[in-house]
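Scroll down for the structure; my scribbles are underneath it.
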Amino acid sequence: MNLGGPGESRLAFEFHCGQSYPIIAACQLMIIKTVNNWLNSMLFRVIPPLCAVCGAPGHEKLDICIACIAELIRNSHACQRCALPMEAAQSDITLCGHCLRQPPHYDFSYAFALYEPPLDRLIQQLKFNNKLSYAQLLGSLMVTDIARNNGEPPELIIPVPLHPQRLRQRGFNQALEIARPIAKQLAIPMDTNSCQRTKATTEQSSLSAQQRADNIKGAFTISADISAEHVVIVDDVMTTGNTVSELARTIKKTGVHRVDVWVCARALT
Ligand SMILES: [Zn+2]
Ligand SMILES: [Zn+2]
């Protein structure tokens, strides 16, 4: 394992703009982004991609090698509603018991793989060690699957927003950064303005299931019309699904009929 090392070099000049930024800075940011894109494209020609996990040559222009892709535990048999993994023998069953008893507010979920090594390490490095280029990798890994398996494409992508306080601490929203290559490659518009996280919630991972549900209630606010019938929420990790369910509930109050969820990783607890 050599997380944080080899795959980083090619994208060392990447610059992040956050969820929103003042208009005054927009021109300056555009210039910086243009220069960054140019530097990245030049570096890409000189330095081939290396695996972010082991340092071997990357597979098909990705920062991960074919062997490490094979190590990812794909979420092949899962509840269609909440992406909870199910036994392969239950492949004719489409919904888990929890979704049958108490359906969430979203309609369908797709999770690329399980939150297990090496994917968990990549996501932790992205979120807590500022490895922003891993978002591009994770989004790109999801795209092929999504295009192949997820039926009717949504009209709009909404990344799960971070509270401004958390955004300032981290400097970027990992959900938005993962959604960015997905939106670009699938040519689906991304809305980062209509939805805000206005309640500063406790970190969900430190709470029990019931506490998570209470903690996230009323966390989101819609500030502009969402002119779409079918929206998809994108996030990095889904555990209980309380966060995306609350966001879906909030979005549906505006008249959106269908809200799907696309996440990179499905955690079990
Ligand atoms: Zn590798
Ligand atoms: Zn389910």
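The values are calculated or read from the model by the stated rules, or taken from the named source; none is laboratory data. Model, not experiment: these values are computed from the prediction. Here the Cβ positions follow ideal geometry from the backbone for every residue, glycine too, while neighbour counts run over all protein chains shown.
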Looking only at segment 91-105, decide whether some residue is in contact with a Ser or Thr (Cβ under 6 Å, 6 or more places away or on another chain) and more than 27 Å from C51 (Cβ to Cβ). yes
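Residues checked against (1) within 13 Å of the chain's Cα centre (by Cα); (2) surrounded by fewer than 20 Cβ atoms within 10 Å (Cβ to Cβ); (3) part of a strand (DSSP E or B); (4) at pLDDT below 95:
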| site | (1), (2), (3), (4) |
| --- | --- |
| G218 | no, yes, no, yes |
| T221 | no, yes, yes, no |
| D225 | no, yes, no, yes |
| V232 | yes, no, yes, no |
| D235 | yes, no, yes, no |
| E246 | no, no, no, no |
| I251 | no, no, no, no |
| V256 | no, no, no, no |
| V263 | yes, no, yes, no |
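Listed here are the residues, each with its yes/no results for (1) within 16 Å of ligand 1 (Cβ to nearest atom); (2) within 15 Å of D236 (Cα to Cα).
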position	(1), (2)
I73	yes, no
S76	no, no
M86	no, no
Q102	no, no
H105	no, no
S109	no, yes
F112	no, yes
What about S208, is it within 14 Å of I158 (Cβ to Cβ), assigned by TED's automatic domain parsing to the domain that holds N149 and surrounded by fewer than 17 Cβ atoms within 10 Å (Cβ to Cβ)? no
Tell me yes or no: at least one residue of segment 66-80 is in contact (Cβ under 8 Å) with a residue 60 or more places away in the chain and either among the small types (G, A, S) or surrounded by 20 or more Cβ atoms within 10 Å (Cβ to Cβ) (or both). yes
Going through A147, A135, A179 one at a time, which residue ends up being surrounded by fewer than 17 Cβ atoms within 10 Å (Cβ to Cβ), in a helix (DSSP H, G or I), among the small types (G, A, S) and away from ligand 2 (no atom under 16 Å from the Cβ)? A147
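Only one residue in I66, I93, I123 is outside the structural domain of T240 (by TED's automatic domain parsing) and among the β-branched types (V, I, T), so which one is that?
I66
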Unique match (being touching a Cys at 6+ places or on another chain (Cβ under 9 Å) and either of a type in the set (S, T, Y) or closer than 27 Å to K252 by Cβ (or both)) among S140, S133, S109: S109
Condition check: in the same structural domain as N173 (by TED's automatic domain parsing), on the phi > 0 side of the Ramachandran plot and surrounded by 15 or more Cβ atoms within 10 Å (Cβ to Cβ). Does A111 satisfy that? no
Counted residues in segment 75-98 being of a type in the set (A, V, I, L, M, F, W, C) and outside any loop (DSSP other than H, G, I, E, B) come to 3
Within segment 127-146, does at least one residue satisfy the condition of being in the same structural domain as S109 (by TED's automatic domain parsing), touching a strand residue (DSSP E or B) at 6+ places or on another chain (Cβ under 7 Å) and polar (S, T, N, Q)? no
Cβ-Cβ distance below 6 Å, separation of 6 or more or different chains: which pairs start in segment 159-176 with a residue that is under 11 Å from L126 (Cα atoms) and in a helix (DSSP H, G or I) and end on one that is among the acidic types (D, E) and at pLDDT 95 or above? Q174/D236; A175/D235; A175/D236
